[in-house]
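Have a look at the structure below before the remarks.
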Amino acid sequence: MDFLNSHILSITTFLPLLTALAVLLSPSLGTARWVSLGGALVTFLASLHIWFYFDSQTPGLQFTEIHDWIPTFGIRYIMGVDGLNLLLIVLTTFLTPLILLSVWNIDDKKQKAFLALFMTLECGMLGSLVAFDLVFFYVFWEAMLIPMYFIIGIWGGKNRVYATTKFIIYTFFGSLLMLAAMIVLYVLHFQQSGVYTTNLLDLYGTTAPYNTQLWLFAAFALAFAIKVPMFPFHTWLPDAHTEAPTSGSVILAGVLLKLGTYGLLRFAIPLFPQATATFAPLIVALGVIGIIYGALNAWMQKDAKKMVAYSSVSHLGFVVIGSIAVVSGGAALSAEALTGAVYQQINHGISTGSLFFLVGVIYDRRHTRLLADFGGLAKVMPWFAIMLIVATLSSVGLPGTGGFVGEFLILLGTFMSNPLAGATAALGVLLGAVYMLTLCRKILFGPLDNEENKKLKDLTPREFAYLTPLAVLAVVMGVFPNLFLDKVKPSIENLANNFRNYRIVAEAPIATPYLLGEEHKEMGR
Amino acid sequence: MLFWLILFFPLLGAFLNGLVLRKVSPTVSHILGTSALIAAFVCALLTYLQFLAGGGQAQVITGMEWIEAGTFKAPFNFILDRLSGLMLLIITGIGSLIHIYAGGYMHEEKATYRFFSYLNLFVFMMLLLVLGDNLLVMFIGWEGVGLCSYLLIGYWYEDDKNAAAGMKAFLVNRIGDIGFLLGIFLTFKYFHTVSFSELKQMILSAGAQLNGEQIEAIGWITLALFVGACGKSAQMPLYVWLPDAMAGPTPVSALIHAATMVTAGIYMMTRLNFLFYLAPTTQMIVASVGAVTALFAATIALVQYDIKKVLAYSTVSQLGYMVLGCGVGAYSAGVFHLFTHACFKALLFLGAGSVIVAMHHKQDMREMGGLRKYMPVTHLVMLIGVLAIIGFPGLSGFFSKDEILWRAWTGGDQYHIQWGLGALAAVCTSFYMVRLLMLTFYGKNRSDHHTQEHLHETSVVMWGPLVVLAILSAAVGYLNVPHIIHIPGLTNLLFEHYLDPVISIPPQVAEHWHHLHAEYPQSLEWAIMAVSVAGMAISSLLAISMYSNGFGRIANSLGSAFKGAHRVLTNKYYVDEFYDSYIVTPLRDMSQFLWKVVDVLIIDGIVNGVGQAFMLIGGLSSFRMSGSLHRHGMVMVVGIICMLTVLFF
């Protein structure tokens, strides 16, 4: 058990990469499918191990692994997990097998390559989430782009090359700025301490001069803003989503975008607290604009997928404003809003993930995503209708779904910090319902008058298999949020209350599962 | 235990009908849905009796934790007191009757599992709404009933009109919900809790000195929450969804859009009466909105032909009375009218439903007439319902509506206008309800030959519940007989004192209210009552003389004499058209502009332009929209190198 606990993050991160290799070596596509699904499931189990053994009493870094990598430059292999990345790790490993199920029936000669790329992508995402060394993080961060580039570029729609090129150049441009800022930070830290290190835990202690902070924060924030994407850096997203295959859209919306908001929480805010306080009004303003603007744009879309893509711009606006709701005269962040932001990342992954899946379901059958081509599907596809309505409700934040818990906490905290911003953002709750109900109405309701739609078959068992977990989770997350939030509370409060002087320590590995270890809980107090 | 079962049964019913038993016959769905509700009613009744036997003290029932973050806490706690207890009985009791009736109404449908599933889910959400001990649990119910309303209005979704009406209801309600949300935020910001019991204690405890900021906040909190109430309880200017909601099956109109959901706003304001008492400006607004809505909707109802539309506007108008009651601080009068209205309006809707079924789903009163002959039971119960709503002395509406008008008059000089509007609305009510009765049941039958042949009384499944509701409509008024009328063996104003523990006037304003409640001369109360009764009598007689045999000479000549007014009323003051041209269309145009011009042309144009510029600096061919992946991969790599160069040197 000790071995497992002290290596679980490496195992979880690199298992998908090994799976990718095994997929390439598989003799047939049939084998490759099972290999990839098996690998993804084992990875999911590994992440559940982290989940169950995670100590929910401490804000510290757990399951930490530290090894020297390039000692000359102070570059290390550092992995760890705390409340900020725990949920995202599990979301990633949870979505991957579902996506593999959704592509199970695709049968072309390149499909093996697709599976291998997809597993590589999972490795990149997990690595970015667990890395606590700037260089180590940066490697994963960039590595993640390459498989995504090919997934859109090879398996995408008509304009895939344009879309994928735009996606990669845009995000790469942001990354480069971040890299430059990282180098400056690295040098600054050396000047202050005489030690070369890229260890994030050490760098948290670096206090850059205010003016430098502004530049560094801007560079980091811009990289993450493009990734999120925040208004006005969002235009690559509708293109990428429209062209990407369903699987690509699900993972893009489900996890990749969250790395932007995660980056804000992990890097930009705690590393440059003074700059955070300075930039907060601007970022909140852009976030609120994004909420309204994304929603109004989504409303106008005629293509179901593009509509969901624009809805992401709106929803992630919520996450952004929740991440940076400054209270107490700039001394702290609103713990309510921050909790909501962390939670909403997951909710968005679940609800938008299932929306993309569902658009994929009808696209597979009709080879069109235009709303005008549908209508009245509730009659021939009643289970599809139920799934779409559940996903819609979660997306519009109806109480009882996870979306409500996240949005509510974000709006509450934002309101405490800045009533005007909170009240304006609350309009997003109305506008979200406007476009999502329009989507439902145009697809599900009205007369079933298109001959082709009359023949449509309801969900297959395989489609049930990947849609049901998401629908169930949307409700579970709305009714039992504490199952999830209990784990992340200390980390969130640590960041919220101490972002001005953020420190995080590596905890010794523990050996008692949290769920079984009530005694341990007592001892921890 | 019993308490939890009240919530459990409807949820179970919804789950079984909706997700498990989808292949069963309509009869099975009906029996399942109805028994779930009757079981809930029995549990509610037993819980209520236990509660009364235990002294009737408010109790908080603690459930599991729900949302916890930072200092915010909203657990699944429930409150059982005289107010929520009464609501429990109304919801499950009248709900059960309507469920029974619905089996008959929906018997031509092939599959009703969806219908009964939604209906059960609605009851569950409504129970959460009234039982929640904090604003957040109430909000689950608040939006949850909106969801069920949306699903049920659009039950026959194949007609796009119904789907549109459902969506309109959901969206207009959401406008109100934003107000509700802001109310929650403000409450937490200034009082650090969203629990009703804690809030009440905080406001009422003698030592609590609210600071000026908090007093001001209460003004905003109540105003924001009232916006929510306007959405749910269909008040001006957010009432527009309710008439359209009549697209749903009639039992839905009876349960959701008359008896229960639409009263949520009144319930919420009564629950938080201690806050509203501290916000005189809000109260003034509440009373005015209620009174204006009461009259406004009543005038529209005067000229409608669709039997359900008349009832819909009548509901809006009656809700206006309840809101007026809350606005003048007469919460128990408001809740009492809620109670009597739930009985007689459910009765009227279901009666109308029976008529509609008999008429082969025709709703236009111009094609009805003379149904008394064919449907004697329905006629009798509808007559009782009409007499109840118009305030015929001795029936429930007389006691409850007059109580509100009396309280409006005595609520202070500033409320005399509101009283006037309310009294005028009462005159209209008598007219349009008697008109409805005349056009439907009296005179000659005007339907076509085919329909006429098939006219007959409905089955006992449908008229049985109507009889029960008719008895209630006639009787419940005696729970609150005014002081000036002495009936041997009846306690006067039983109901008003019933709610005493819930209605708590904060010490700061107690003196003002005490002063207002000082004795008024009995003659004044008699006079106010006489005005109401006289108005009722005159307008009823007018309606009888005009419509006793269809659209008589007087009706037609009146219509042509006031052509303009008639047209404005028939078109409902063009409010929908106004919203459409001045809100929806501009918003849509703006969104189109944002997408086509701002997003695609400007923002994306700049992005692509910058991309091209970089490529040109790199000395490469332009950033093309298509081409082979390999080539673009190469372009990309070169581009990246260029950017690196630019950045670092």
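Readers should treat all values here as calculations from the given coordinates under stated rules, not as data from a laboratory. Everything numeric here is computed off the predicted structure, so don't read it as measured data. Quick reminder, even Gly has a Cβ in these numbers, built from the backbone with ideal geometry, and neighbours come from all protein chains shown.
What to note about this one:
- Environment charge of A:L393, counting only residues whose C-beta is closer than 13 Å and scoring Lys/Arg +1, Asp/Glu -1: -1
- Summary of the geometry: region A:145-180 and region A:57-134, compared by the centres of their Cα atoms, lie 19 Å apart.
- Taking the DSSP bridge list for chain B and keeping only pairs wholly inside it, about 90 percent are antiparallel.
- Average 1/r across all pairs of distinct alpha carbons in chain A, invert it, and you get the Kirkwood radius: 23.1 Å.
- Dividing the summed helix terms, -39500 (n - 2.57) for each DSSP H run of n ≥ 4, by the number of residues in chain A produces a 222 nm estimate of -23500 deg cm²/dmol to the nearest 500.
- Cα centre as origin, Lys/Arg/Asp/Glu Cβ charges: chain B dipole, Debye: 1320
- Charge context of B:G559, other residues only, Cβ under 12 angstrom, K/R +1, D/E -1: +3
- Calculated P(r) tail over 53 Å for the protein assembly as shown, as whole % of Cα pairs: 26
- Antiparallel bridges, percent of DSSP beta bridges restricted to the protein assembly as shown (to nearest 5): 85
- Calculated P(r) tail over 18 Å for region B:144-300, as whole % of Cα pairs: 60
- Helix B:82-105 and the longest principal axis of the Cα set of chain B meet at an angle near 90°.
- Enclosed volume per residue, in Å³, of the convex hull spanned by Cα atoms of chain B: 222
- When each full DSSP H helix of chain A is screened for a Cα extent of at least 24 Å along its own axis and an average Kyte-Doolittle hydropathy of at least -0.5, the helices passing are A:2-25, A:29-53, A:86-102, A:111-130, A:160-193, A:210-227, A:273-300, A:304-323, A:335-366, A:419-444, A:461-479, A:482-498.
- Cα shape, region B:254-353, gyration tensor, a/c 1.5 rule: oblate
- With neighbour counts taken as other beta-carbon atoms within 10 Å, the residues B:D244, B:D402, A:D373 rank, fewest first, as A:D373, B:D244, B:D402.
- All distinct Cα pairs of region B:145-210 go into the 1/r average, and the inverse of that average, the Kirkwood radius, is 14.4 Å.
- Along its first, second and third principal axes, ordered by size, region B:312-376 spans 45, 20, 16 Å in Cα coordinates.
- Spatial separation of Cα centroids for region A:241-316 and region B:360-407, in angstrom: 56
- Antiparallel DSSP beta bridges within region A:2-524, percent to nearest 5: 85
- A simple count of charges around B:A69, restricted to other residues whose Cβ falls under 14 Å of its Cβ and scoring Lys, Arg +1 and Asp, Glu -1, yields -3.
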